[in-house]
Amino acid sequence: MMSTRTTLPLLLAFLAAACGGEPAEPTSPGESGAETVVDPVGTTTHLDPAHPEPIDELAETLTETHDRVDLGDSFAREAIGGEPGRRLTVDGSVVETWTFDTEAEAHAFAGRFSNDGRLFDGERLPWLETTHIYTFGPMVLMYLGDEARTLTSLGVVAEEVTAHAGTEVAGVLTADEIEERVREEALARFAFGGDEPLRLVEKEEVVFPDACLGVEGTSENCNEVETPGWRLTFAHGDDRIIAHTDAGAARIYWPSDR
């Protein structure tokens, strides 16, 4: 018995010949045009080889300067409004992306992040890595980390809308300003009782072995890249509080709190 899959192209060819036209060449399933795919988080994607998605164009652009660029899984972070997106892996660095219908929508979404990338819609984001936000056409990209090669590549192909003292404007803060910013963060983070002041015991300029500033368990993506910064020790009564910060106090980690 001839299958439906075989019969249909022959029938179309016969009808075309009967109408005086040239028979159409049968197309394979892979050449049949757009395909609709719905991923596990409910994102609908229309795949059409003739009209690639923006994320495919981004991946192709990044491939020119990187050894390996892979499309990753879909995600939806509650801290960012549950907006569904797609991950991209660039030589091991994870870049999270969101695609919108227009560039204006993408810029509006990017504008919901604070200038330093610490807040979204005015709420503190729950991770400690430096948050870099970019726009690429109708896309918003988010990279958590400080891998120099990744930052350079993203900065070339996309427009960054966040700014960080530890990267773009390194060296702006003085040692006293670093101390003051860390002190403010400590007072906000820890519930100090009584009238005892928070005293600085030691302040040391160091080079940490990784982007986590030498503090284990701070992030899921801790790149092994030397990171200049400071180690500060404060005292409150009998308590000692240690803080690790990068050169611009964009990231402050608390090893004594772990």
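The values are calculated or read from the model by the stated rules, or taken from the named source; none is laboratory data. Nothing here was measured: the structure is a model prediction, and the numbers come from that model. Methodologically, a virtual Cβ is constructed for each residue, glycine included, from the backbone with ideal geometry; neighbour enumeration extends over all protein chains shown.
Taking the criterion of being under 19 Å from R251 (Cα atoms), in contact with a strand residue (DSSP E or B) (Cβ under 9 Å, 6 or more places away or on another chain) and touching a residue at least 40 places away in the same chain (Cβ under 8 Å), the residues of segment 144-162 that qualify are L144, G145, D146, E147, T150, V161, T162. Considering segment 93-121, and only residues there that are within 13 Å of the chain's Cα centre (by Cα) and touching a residue at least 60 places away in the same chain (Cβ under 8 Å), the residue that is farthest from M142 (Cα to Cα) turns out to be S93.
When segment 83-105 is filtered for residues that are under 20 Å from T150 (Cβ atoms) and either not assigned by TED's automatic domain parsing to the domain that holds D121 or not in a strand (DSSP E or B) (or both), the ones remaining, listed by number, are D91, G92. Please verify whether E78 is touching a Cys at 6+ places or on another chain (Cβ under 9 Å) and within 30 Å of A249 (Cβ to Cβ), treating the condition exactly as stated. Against the criterion (touching a Cys at 6+ places or on another chain (Cβ under 9 Å) and within 30 Å of A249 (Cβ to Cβ)), E78 does not qualify. Restricting segment 136-153 to residues that are at pLDDT 90 or above and within 16 Å of V69 (Cα to Cα) leaves a set whose member that is surrounded by the fewest Cβ atoms within 10 Å (Cβ to Cβ) is M142. Before we move on, is E103 more than 28 Å from E224 (Cα to Cα) and touching a strand residue (DSSP E or B) at 6+ places or on another chain (Cβ under 7 Å)? Judged against the criteria, E103 is not a match.
One residue alone among E185, E177 is assigned to a helix (DSSP H, G or I) and in contact with a strand residue (DSSP E or B) (Cβ under 8 Å, 6 or more places away or on another chain), and that residue is E185.
Residue count for segment 58-79, restricted to those that are within 25 Å of T152 (Cβ to Cβ) and outside any strand (DSSP E or B): 11.
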